[in-house]
Amino acid sequence: MAERVALTGVRLIDGSGRDPVDDAVLVMEGPTIVAAGAAIEVRLDPDATVVDASGATVMPGIIDAHCHLGGNSHPDEDSWVLQPDRYQAIASVAQARALLRHGVTSVRDISVNGTHLRQAIADGLIEGPRIVPCWRGLSRRGGHGDANGVPVELVRTSHPWGIVADGADEVRRATREVIRNGSRCIKVWASGGGLSENDPEDAQHFSLEELRVIVEEANYVHLPVAAHCECRSAARSAVEAGVWSIEHGEDLDEETVELMAAKHISLNPTLVLLTKWAALSKDYGGHYGKPYIPGGGPVPEDREEMLALLHDRLSSNLLAARDAGVRIGVGSDSFSTELTPYGEQTLEEVRALVAAGMTEMEALVAATRSGAEILRIDEATGTLEAGKSADILVLDGDPLDDISVISPESMLLVVKEGVVVRNSLFEAAGSAWGRAEVGEATAAL
Ligand SMILES: [Zn+2]
């Protein structure tokens, strides 16, 4: 029988949105939580390994509902295609490990590597989060997943996360190909994303008819569709077509928000990514075209003023969706180690939701229960309750008081499916629990 391990004296934030419980106990056995609640309600097994974690907070592992384990180092689309695929596959292992070491225990990945990483993690060969793989996402010719500066033949074979298709017949076939490669969710770029001149964010890239075909094919095999929508019309068409989640969605009109709430369509706002991207635009000394400010109007010449305007627009859009009852997730959109560091950017996104006006509890629910629902893994994880996977974080401090506690420096313990990933808590308490598995994984981030 697996060892029973109990954390006592902790503040329990169970991920459901319920009020925290002080002086709580969490008991794990092997990969599973067997009890979580007020100390008075949990009977402690005399054989259990008990560690007093007074002053710390326990919460579910964080869920990143949007990232790309493509193995790319640089934020340059041509290099993604030209770099050897095998190098990228190897680099993606490091990206997966970095996510997990930052307390990200589940992710939805859009890349060619995800289905294989998922298997290697399940086989116990490498360390990484639970992966819901999308494989490649559908892009139109010349769109966000078609690197315009390299020969099209190379894009076909070596794009780390895009598959090109145009028209109803091709998108049907491409969706089936994505499914054949082990995808558990279909990703589509319904609008541009600002990678090239051909790819502006304010342009819709797939017609309502094409989006309907993709949703129809996904629905045949009971899979959800995640649609990248940076402009209003793309979001509106995606919502009408019946997608499961809107990615980015920084320019939603009132009717679209209402439809999203009515149809239970989720939003992954990716605030950190959108802000970084605008800050890097050519007009402000960077590399990537003009900054995209949803809602239009004049763009301030001063960089800080431009970023302040963007922050206002992103925040009001997000809060309107929240107020309408749209489920919100946490998506880092990490896609290159240099620009969007894996794990770090996920934690930054949790903090950004609070900076945009959500409450600390709302941000934590977005990062846990809502993320699990968006990934359709909520039967296994996302909340701390008996029977769920032992995916837990123990934090030095209380993120409800101060969201900056959601940081690597505050993580005393990270456990995924009962296996210790980081552990300073038990070692400090003189317990050997988890030490055998810790090994290299306890190295500094
Ligand atoms: Zn993305």
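The values are calculated or read from the model by the stated rules, or taken from the named source; none is laboratory data. Nothing here was measured: the structure is a model prediction, and the numbers come from that model. All Cβ positions, even for glycine, are placed from backbone atoms using ideal geometry, and neighbour counts span all protein chains on display.
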In segment 2-40, which residue that is within 27 Å of the chain's Cα centre (by Cα) and hydroxyl-bearing (Ser, Thr, Tyr) is nearest to ASP378 (Cα to Cα)?
-> SER16
Pairs under 6 Å by beta carbon, first residue within 16 Å of the ligand (Cβ to nearest atom) in segment 215-241, partner charged (D, E, K, R), six or more apart or different chains?
-> ALA226/LYS187; ALA226/GLU247; HIS228/GLU247; GLU230/GLU201; CYS231/ASP202; CYS231/ASP251
For segment 161-175, state whether one or more residues are assigned to a loop (DSSP other than H, G, I, E, B), within 15 Å of GLU77 (Cβ to Cβ) and within 16 Å of the ligand (Cβ to nearest atom).
-> yes
State yes or no: is ALA190 out of contact with any Pro (no Cβ under 6 Å at 6 or more places or on another chain), modelled with pLDDT of 95 or more and either within 19 Å of ILE377 (Cβ to Cβ) or buried (at least 20 other Cβ atoms within 10 Å of the Cβ) (or both)?
-> yes
Just one of (1) more than 16 Å from the ligand (Cβ to nearest atom); (2) more than 22 Å from VAL188 (Cβ to Cβ); (3) of a type outside the set (A, V, I, L, M, F, W, C); (4) in contact with a helix residue (DSSP H, G or I) (Cβ under 9 Å, 6 or more places away or on another chain) trips up LYS276, so point out which.
-> (1)
Restrict the check to segment 404-417 and report whether at least one residue is surrounded by fewer than 18 Cβ atoms within 10 Å (Cβ to Cβ) and at pLDDT below 95.
-> yes
Keeping to segment 212-250, report how many residues are within 18 Å of LEU271 (Cα to Cα) and of a type in the set (D, E, K, R).
-> 4
Would you mind finding the one in ILE131, ILE90 that is within 16 Å of the ligand (Cβ to nearest atom), outside any loop (DSSP other than H, G, I, E, B) and either of a type outside the set (Lys, Arg) or not assigned by TED's automatic domain parsing to the domain that holds SER207 (or both)?
-> ILE131
Does segment 318-347 hold any residues that are of a type outside the set (A, V, I, L, M, F, W, C), buried (at least 23 other Cβ atoms within 10 Å of the Cβ) and part of a helix (DSSP H, G or I), and which are they?
-> GLN345, THR346
Filter segment 53-76 down to the residues that are at pLDDT below 95 and within 28 Å of ILE13 (Cβ to Cβ), then identify the one that is surrounded by the most Cβ atoms within 10 Å (Cβ to Cβ).
-> ALA53
Could you please give the count of residues in segment 52-87 that are within 30 Å of VAL5 (Cα to Cα) and either of a type in the set (Val, Ile, Thr) or within 16 Å of the ligand (Cβ to nearest atom) (or both)?
-> 6
